[in-house]
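All remarks here apply to the structure that follows.
The values are calculated or read from the model by the stated rules, or taken from the named source; none is laboratory data. Just so you know, these numbers come straight off a predicted model, no measurement behind them. Methodologically, a virtual Cβ is constructed for each residue, glycine included, from the backbone with ideal geometry; neighbour enumeration extends over all protein chains shown. Only protein heavy atoms, including side chains, enter the accessible area calculation; ligands, DNA and RNA are left aside. Shrake-Rupley method; radii C 1.70, N 1.55, O 1.52, S 1.80 Å.
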Amino acid sequence: MTARMTRELLPTATPARTRAAVLRIVRPHRRTAVAGFGLLIVATSVGLLIQPLLGHIVDLVAGRERAAALAVPAALLVLVGLVQGALTAWGLTLVARLGETALADLRERFVERALALPLDRVERAGSGDLTARVTGDVARVAEAVRSALPALAQSLLSIVLTLAALALLDWRFLVAALLAVPVQAHTARWYVRNAVPLYAAQRVATGEQQQQLLDTIAGASTVRAFRTEPEHLERVAGRSRAAVELTMRGVRLMLRFYSRLHVAEYVGLAAVLAAGVLLVRDGSATIGTATAAALYFHNLFGPINTALALLDDAQAATASLARVVGVAAAAPAGPVPVRDQNGGGVSVRGLAHAYEPGDPVLHDVDLDIRPGERVALVGASGAGKTTLAKLVAGVHEPTAGTVETPPGVAMVTQEVHVFAGTLADDLRLARPDATDDDLRAALATVDALAWAEALPDGLATVVGAGGHRLTGAQRQQLALARLVLADPAVAVLDEATAEAGSVGARVLERAVERAVDGRTALIVAHRLTQAATADSVVVMEDGRVVERGSHDDLRAAGGRYAAHWSAWTDHRPREDG
C-alpha cells in the first residue's frame, strides 16, 4: 500500500552535538594531532627568522658594509627555508593523516546510523534528503578536511606567532598592527552571522532539489502517461531556482567579505609603517627593524586572509557536518520484541499502526502463525497487507500492540536491489562465509542455477550498476537465493512475484515455495495461486483481518475471499490455466 506521509527532513545536529561528535572521533588520535600541530608550530617559528634576517641585511646595506658580510645572513636564509619546508611537510602530513582518519570514521558512523534508521523515518524525509547528505554533505566535509583544515591550522599558527614576533621587535609595532583587528573582527562576526543560516538553507534547498529530481525521474512513465510534464518541469525549475538564488547570495556575501578585509589590511599596514617612521626618527629602532616589522605585517596578509576566507569553507562544511551528524541524532530503529517460540512461530496481538497521527492504517490486528506454517495475506490495494508484513519483519515499529517472532526474520519485496559486483559477492551478502558450492545449491533451490552458470563468467560475472543486466524474474530469484543462504526462521515476502509476467510468475511461485519450504512464512499474495497453495489464508480489509481459513474453506464460505477468487479467476490470462 502507499501511505500518506508528510515530508519531514532528517534532523540537523546542534553545534554542541556536532562538536561532541568531532571530539569523539578525534580523541583516539590525540598523539597524531599533538605531533602534527607541534611540528607546524616549530616550522612556523623557524620561518619567522626570515624577516629579522632580511632586516639585518637591510641594516648591513644601509651601513655600507662589505658584500662579504651578507654571506652569513644569506646562508641562514637558505637554511631557514629548507628547515621550515621540511618541518612543514612533515607536520602537514600528520595533520592530513589525522583528517583522513577522522573522515573515514565519520563516514563509517554515518553509514552505520543511516542503515539503523527506521525505514518509515527515511520515507518521510524522502530519499533526496538522505542522498544529499551522503553525497554533497559528506563531499563538502571531505574537501574541508583535506584542504581547509591543514591551511587553517597553519594560518592560525602563523598569525599568533607573527604577532608575538612583532611584540619582540617593539611592542609599539604590535599595537599598530592590532589597529586592523577591530575591522577584521567586525567583518568576521558579520560574515558568520549571515553565512551560517545562508549555508544551512542552501544545503536544505539542494536536498529538496535532488528529491524533486528523483521523484520526477522515478515517476517519468507516470508523468508522461498523464501528460503532466510541464507541471513537473516547473517544480524542478522552481527547486533549482531556489538553490541557485541561495548560491548567488553566497557569492555576493563573499565579495563584500573580501572588500572589508582589504580595508583592514590597508589600515594595519599604514599604522605599522607610520610607527616605523616614528621609531626610526627618534632612534628607538633601526631601518632594518622597521623593515622586519613591515615584512611581518605584510606576511600576515596571507594567513589572515586565508583564515578568514576559510570561514566560507568552514561555515559550509560546518553546516554539512551538522547534517551528517544529525543522521546519528535521529532515533534508530528499535529492536522488535523477540520471544523464542521453540520452532519459529509468529504472534501478533492488538497491532495498530499509523503513518500519520490520527490516520491509522491497521486496527487491532491479531494473528498467529504456527511454526513452519505458510500464511498468505490477501486483500485489495490499501487493505494494510504490506504494512502488516513490514511490522512482522521489523521494518517498522508498531504504533500499538506487539509483534513476537523468533530471532532471524528476513523479508523479500518486489523491489530487489542488485549490488554492483560479481554475482557471487551479491549472494554472499546473505552469508559471507558461503562457498561456491553453497551458492550453487541456493541458486538451484530457486531454479536459477541454469541461467547463472550461463552468464559470461558464471558466478564471477559482474552484475548491478555497470555490469550484466538481470531481468526482473532473475533479480527476484537472486533475492530468494539470498533468503535460502540466510536461512531465517521466518520469511516475509511482499508481492515477490508481482513484477513477473505470467510465465515468469509460475517460475517465481515455484521458487518461492522451495525457498520457504520448512520455514514459517508470511506471503503478501499478488497472485491468488499463492493463496491457493498456502496452509492458511488471511483476508484483510481497511486495516483489519476479516477472514481466515484454508483456501477451500474460504471459497466454500462465500465471503470476501470467495469474491476475490471469483473476480481473479474470471480475469486470469489463459496461459495461467
Exercise for review: State the extension gain, in nm to one decimal, for the chain segment bounded by SER147 and PHE301, taking 0.36 nm per residue of separation less the distance between their alpha-carbons.
Suggested key: 53.5 nm
Practice item. Please give the FRET efficiency for ALA16 paired with ALA62, using the beta carbon to beta carbon distance and R0 = 60 Å, rounded to the nearest 0.05. Key: 0.60
Review point. If a helix is a whole DSSP H run, which ones in the chain reach 27 Å or further along their own axis (Cα) and hold a mean Kyte-Doolittle hydropathy of at least -0.5?
Key: 71-116, 149-169, 181-218, 229-281, 287-329
Practice item. Give the carbon-plus-sulfur fraction of the accessible surface of the chain in %, rounded to a whole number; probe 1.4 Å, heavy atoms of protein chains only. Key: 59 percent
Point to revise | Three-way shape call for the range 375-504 based on the alpha-carbon gyration tensor, with the a/c threshold at 1.5 | key: prolate
**Study point:** Test item: Cα-centred dipole of the chain, Lys/Arg +1 and Asp/Glu -1 on Cβ, debye
**Key:** 2300 debye
Review point. Hey, how much of the P(r) for the chain falls beyond 33 Å, as a percent of Cα pairs?
Key: 61 percent
Practice item. Search the structure for amide H atoms under 5 Å from the amide H of ALA285, placed 1.01 Å from N in the peptide plane, and list their residues when 5 or more places away or on another chain. Key: VAL280
Revision key, fill the gap. Taking the chain and counting helices only, DSSP H stretches of n ≥ 4 at -39,500 (n - 2.57) each over all residues, the nearest-500 ellipticity at 222 nm comes to -20500 deg cm²/dmol
Revision key, fill the gap. The set of residues whose placed amide H lies less than 5 Å from the amide H of ALA352, leaving out same-chain residues fewer than 5 positions away, is ASP364, VAL365, THR399, ALA400, GLY401
Exercise for review: Report the calculated FRET efficiency for ARG107 and TRP568 (r = Cβ-Cβ distance, R0 = 51 Å), to the nearest 0.05.
Suggested key: 0.55
**Study point:** For the range 71-211, radius of gyration divided by Kirkwood radius, i.e. Rg to Rh on alpha-carbons
**Key:** 1.15
